[in-house]
Amino acid sequence: MKNIRRLRELVVGLTVLAQRHGRDEAAMLREGGPLLTALIAQDDWLPDAFAAPHHAHHQEYLLHCDPLGRFSVTSFVLAPGQKTPVHDHTVWCLIGVLRGSEHIDEYRHEGAGAPMQKTGEHVCRAGDIEVASPDLGDIHVVSNPHHLQPAVSIQLFGADIGGIMRRTFSVASGDARALVSGYANQLLPNLWDRALEAHG
């Protein structure tokens, strides 16, 4: 059995922060970052079903959603060589790379009919944390630069990210298309069964 208590501790910590700070984006990013850093420091807890790549497109698996919609936790999987469309999030986001690495190209939207403006690029490797938000910039493309190894990141969002309206963009024209991403999984990991821990 995976050491799922690590994920449970993150969920409990984020719930406390959400109770304390509500929708305060800066506070959630500031205090949520260390919780995510602690989680991705160990790679012994994510169930295999939530790290499985798909040959045709990226996978986003829900790990936990706050019942009040204040935050969600996902695992995001890119097969070797895969990349996302240009997309936004509309809420604060913390991305922690658990396995492999992610290449991130950042963009600014100049409006429909105007090409997207690339504002930067960088690589996040295992253990690194990426921050995005509408205030800081949250439009990007994420790709897996490796040709043999999937990339897996753990992502925290300031909403139920699979259920909110977001956008993808054409780089050439800036035209936006509505996106509600949903999730790849039908079942959630069981964070609350402590029986195996008690016997461990």
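The values are calculated or read from the model by the stated rules, or taken from the named source; none is laboratory data. As the structure is a prediction and not an experimental result, all values here were calculated from the model. When we count neighbours, we look across all protein chains shown, and the Cβ atoms used for this are built from the backbone with ideal geometry, even at glycine.
Among the residues of the stretch 57-82, those that are surrounded by fewer than 18 Cβ atoms within 10 Å (Cβ to Cβ) and farther than 25 Å from Asn190 by Cβ comprise His57, Pro80, Gly81. Of the residues making up the stretch 104-113, those that are touching a residue at least 40 places away in the same chain (Cβ under 8 Å) and either surrounded by fewer than 12 Cβ atoms within 10 Å (Cβ to Cβ) or in contact with a Lys or Arg (Cβ under 8 Å, 6 or more places away or on another chain) (or both) are Tyr107, Glu110, Gly111, Ala112, Gly113. Go through the stretch 70-97 residue by residue and tally those that are in a loop (DSSP other than H, G, I, E, B) and of a type in the set (S, T, N, Q). The number of residues fulfilling the criteria is 3.
Take the residues in the stretch 138-154 that are polar (S, T, N, Q) and buried (at least 22 other Cβ atoms within 10 Å of the Cβ); name whichever of them is farthest from the chain's Cα centre (by Cα). This residue is Asn144. Looking across the stretch 138-176, the residues that are hydrophobic (A, V, I, L, M, F, W, C), part of a strand (DSSP E or B) and under 14 Å from Glu60 (Cβ atoms) come down to Val142, Ala151, Val152, Ile154, Leu156, Phe157.
Restricting the stretch 119-137 to residues that are surrounded by 15 or more Cβ atoms within 10 Å (Cβ to Cβ) and part of a strand (DSSP E or B), the residue that is modelled with the lowest pLDDT is Gly137.
Of the residues that sit in the stretch 3-42 and are touching a residue at least 60 places away in the same chain (Cβ under 8 Å) and in a loop (DSSP other than H, G, I, E, B), which one is surrounded by the most Cβ atoms within 10 Å (Cβ to Cβ)? Here the residue is Ile4.
Look at the stretch 81-101: where a residue is modelled with pLDDT under 95, no partner that is surrounded by fewer than 20 Cβ atoms within 10 Å (Cβ to Cβ) sits 6+ places away or on another chain with Cβ atoms under 6 Å.
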